[in-house]
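Every number here is computed from the coordinates shown, using simple stated rules; none is lab data. Since the structure is predicted, the reported quantities are computational estimates derived from the model, not experimental observations. Counting neighbours? That spans all protein chains shown, and the Cβs are built from the backbone with ideal geometry, glycine included.
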Amino acid sequence: MNRTVLILFCFAFSALLAFAAAHSHWDHVPAKDHDRANPMAGRSEAIAAGALIYSDHCAQCHRADARGDGHKRPSLRSDSLRKATDGDIEWFLRQGDLAHGMPSWASLPADQRWQLVTYLKSLQ
Amino acid sequence: MIPYLRRAAGGAVFLACCLPVSHCAYAQEKPYFVTYSYDLEEPGNLDIETKTALARPDGSTHFGASALEFEYGVLAWWTSELYLDGQATAQDSTIFTGFRLENRFRPLMHEHAVNPALYFEYENLNGADKNLLEVVGHDGQSDVATPNGEARQEHEHEAELKLILTSNLKDWNISENFIAEKNLGHSPWEFGYAVGTTRPLRSASTGRACTFCAQRLIAGVEAYGGLGDTAALTLRDTSHYIAPLIGWEAPKGLRISFSPGFGLTSASLNRIYRIGVAYEFDQVGNWFRQAGGRQ
């Protein structure tokens with residue numbers, strides 16, 4: 001009986017992990033935010049400004065080279081970020097992920113968030 | 001007033017010179033002195049700030065009260081703080097007035113049009129505290145006009161609760177606080193409010209390192225006052241202030257803020273000047289981990 005319960009539990013847990021792996025957190029981005037255009041996309045001055053903002057706000061956790069610490073502070077040079085739209089990233093910056101240690105940056109002026117998005121995209 | 005301003009400015013320069021110029025970060029902190037926004041300390045960061053209040057009650061002498069604040073980001077949704085309070089009164093004495101322990105939580109994990117934060121504080125102060133970090137009940141200028149020797153006999157053993165509501169509208173930060181304070185020994189609940197709004201003078205970054213550029217300046221205004229107590233929820237015999245604010249995020253992680261406050265009722269101080277100097281140390285937990293790893 002106990003063995004059956006254990007097997008069922010392992011099966012359910014594996015299914016849960018597989019489900020989580022198949023769904024990235026970009027799936028939660030509302031359609032209007034996903035499609036939002038970056039008003040500063042590709043501009044060299046926005047990349048330079050974004051680099052300064054990154055250095056001020058993000059480098060302390062994600063490291064100066066944006067490669068993270070390999071543990072709780074993820075690399076920002078990743079497939080996930082490459083696939084995300086500018087709108088996805090801006091939405092994520094605004095929301096943060098408080099439960100996992102990522103602060104919300106909704107208080108940062110919107111222009112600075114877009115400059116940061118432009119810089120992060122330039123790293124990919 | 002001038003000697004106190006000179007001392008406060010000297011203290012700010014001293015603090016700035018003493019701080020190590022190493023890792024630093026700019027918090028999302030607004031230059032409010034009384035109002036809280038829902039912005040919390042980034043996890044692992046330690047923010048050290050002095051908040052100084054300078055004023056003169058009618059019929060009494062000038063005072064300068066200072067609170068030294070240690071703010072630590074425990075988690076992305078939880079910030080913990082310790083305040084050490086003291087004050088100096090002209091022709092009287094300079095005394096330590098007590099401490100405050102405070103915790104702020106964000107109960108909702110996502111952004112909304114209005115974002116709440118909950119604030120719980122325990123205060124162990126004496127009656128000579130003049131920092132006026134909140135105004136509740138019938139607080140007035142008579143409370144800060146009592147001589148230190150007499151005022152310090154009163155023990156304020158208090159719990160304070162705040163509901164903090166914040167909205168970010170375009171680049172405006174709008175924050176409202178509803179305050180309830182209770183002396184744990186006796187006295188009814190006392191109530192107060194604080195509301196404020198700020199905005200950076202320039203929203204986009206210029207892309208070059210600068211010191212006195214508009215993107216580093218935040219301006220705003222806050223208003224705060226008492227709302228009576230459970231015996232009489234009223235505006236009568238209460239203090240109310242309005243205070244323009246200016247904040248400067250200097251290079252190397254230093255933040256300086258200034259606010260002249262103006263009393264709006266006869267119970268209020270006529271003017272109260274506030275000066276804040278802050279420095280944020282990033283990821284202080286790592287310092288100990290790294291030190292431990294080297295052993």
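Descriptive notes on the structure:
- When A:A51, A:A84 are checked against the criterion of being under 23 Å from B:K252 (Cα atoms) and of a type in the set (A, V, I, L, M, F, W, C), A:A51 stands alone in meeting it.
- Qualifying positions in the range A:79-108 - more than 14 Å from every other protein chain (Cβ to nearest Cβ), surrounded by 19 or more Cβ atoms within 10 Å (Cβ to Cβ) and assigned to a loop (DSSP other than H, G, I, E, B): A:A84
- Some residue of the range B:109-130 being assigned to a loop (DSSP other than H, G, I, E, B) and among the polar types (S, T, N, Q): no
- Number of positions in the range B:31-63 that are within 20 Å of A:Q60 (Cα to Cα) and either basic (K, R) or within 14 Å of chain A (Cβ to nearest Cβ) (or both): 9
- Residue that is touching a helix residue (DSSP H, G or I) at 6+ places or on another chain (Cβ under 7 Å) and away from every other protein chain (no Cβ under 14 Å), where the choices are B:G127, B:G98, B:G137: B:G127
- Every residue from the range B:142-164 that is closer than 30 Å to B:A219 by Cα and either surrounded by fewer than 19 Cβ atoms within 10 Å (Cβ to Cβ) or in contact with a helix residue (DSSP H, G or I) (Cβ under 7 Å, 6 or more places away or on another chain) (or both): B:L161, B:L163
- Residue check for A:A66: of a type outside the set (S, T, Y), surrounded by fewer than 18 Cβ atoms within 10 Å (Cβ to Cβ) and either closer than 28 Å to B:T79 by Cβ or within 10 Å of chain B (Cβ to nearest Cβ) (or both): no
- Among the residues listed as B:E280, B:E190, B:E176, B:E222, the single one being out of contact with any Lys or Arg (no Cβ under 8 Å at 6 or more places or on another chain) and within 20 Å of B:Y83 (Cβ to Cβ): B:E222
- Sole residue being farther than 20 Å from B:Y119 by Cβ and part of a strand (DSSP E or B), chosen from B:R255, B:R208, B:R236: B:R255
- B:A194, sole failed condition from (1) hydrophobic (A, V, I, L, M, F, W, C); (2) touching a helix residue (DSSP H, G or I) at 6+ places or on another chain (Cβ under 7 Å); (3) closer than 16 Å to B:G276 by Cβ: (2)
- Residue count for the range B:96-116, restricted to those that are within 23 Å of B:L84 (Cα to Cα) and among the hydrophobic types (A, V, I, L, M, F, W, C): 4.
- Candidates B:F70, B:F120 - the one that is aromatic (F, W, Y) and either within 14 Å of chain A (Cβ to nearest Cβ) or within 14 Å of the chain's Cα centre (by Cα) (or both): B:F70
- Taken over the range A:109-124, the residue count meeting the criterion of being within 7 Å of another protein chain (Cβ to nearest Cβ) and either of a type outside the set (S, T, N, Q) or out of contact with any Ser or Thr (no Cβ under 8 Å at 6 or more places or on another chain) (or both) is 3.
- Check on B:D92, farther than 19 Å from B:S239 by Cβ, in contact (Cβ under 8 Å) with a residue 40 or more places away in the chain and part of a loop (DSSP other than H, G, I, E, B): yes
- Within the range B:197-212, the residues that satisfy the criterion of being within 11 Å of chain A (Cβ to nearest Cβ) and either of a type in the set (D, E, K, R) or over 12 Å from B:E29 (Cα atoms) (or both) are B:R199, B:L201, B:R202, B:S203, B:A204, B:S205, B:T206, B:G207, B:R208, B:A209, B:C210.
- A:L76 more than 10 Å from chain B (Cβ to nearest Cβ), under 13 Å from the mean Cα position of the chain (by Cα) and within 19 Å of A:D35 (Cβ to Cβ): no
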